[in-house]
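A short write-up of the structure that comes next.
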Amino acid sequence: MKLSAIKKILSNLEKVSFRLENGANVPDHFHVTEVGMVTKNFIDCGGTVRSEKTINFQLWNANDFDHRLKPIKLLDIIKLSEEKLGLEDLEIEVEYQSGTIGKYDLGFINNVFVLINKQTDCLAKDNCGIPTEKTPQKTSCTPGGGCC
């Protein structure tokens with residue numbers, strides 16, 4: 001989900017709720033402790049230099065059980081981040097601690113933001129000798145054609 005999409009969604013919500021992809025809810029008293037833009041410069045295993053930018057939201061649970069983040073407050077935090085940091089309309093990545101700090105993509109289903117599990121991947125499969133999945137091709141085999 002891009003930053004523009006979450007802003008549009010928040011402008012029509014009465015309550016901000018998050019849950020994990022496995023159905024576990026992020027407690028209602030969560031805080032958004034960071035909004036920022038993260039730039040990752042790296043080299044993949046095939047030697048290609050790459051750069052990625054994402055918008056980062058960090059969710060945190062405190063002992064502040066009476067806390068409830070309102071949609072307008074999150075919109076204000078995003079607006080301030082856009083002004084001060086020059087945020088671009090990029091994909092959002094959410095940091096949330098369950099067993100350890102996890103990074104999630106963001107979805108939205110039934111008025112709830114869903115933290116979608118991210119997966120690692122090799123970006124240089126052709127250089128690493130990792131076979132790509134091939135779609136089986138149909139062949140026509142006729143008797144005596146030598147293919148059967």
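Throughout, read-outs are computed from the coordinates displayed, never taken from laboratory work. All values derive from a computational prediction rather than experimental measurement. So basically every Cβ, Gly included, is an ideal-geometry build from the backbone, and we count neighbours across all protein chains shown.
What the table shows:
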{"quantity": "Pairs beyond 19 Å (Cα-Cα), from LYS79/LYS118; LYS8/LYS118; LYS53/LYS103; LYS73/LYS103; LYS2/LYS125", "calculated": "LYS79/LYS118; LYS8/LYS118; LYS73/LYS103; LYS2/LYS125"}
{"quantity": "Histogram of C-alpha separations across region 3-116, 5 Å bin width, %", "calculated": "2, 11, 20, 24, 20, 12, 6, 3, 2, 0, 0"}
{"quantity": "Protection proxy ranking of 58-67, 110-119 - average other beta-carbon atoms within 10 Å, highest first", "calculated": "110-119, 58-67"}
{"quantity": "FRET efficiency estimate (nearest 0.05) - Cβ-Cβ, ASN22 to GLU83, R0 41 angstrom", "calculated": "0.70"}
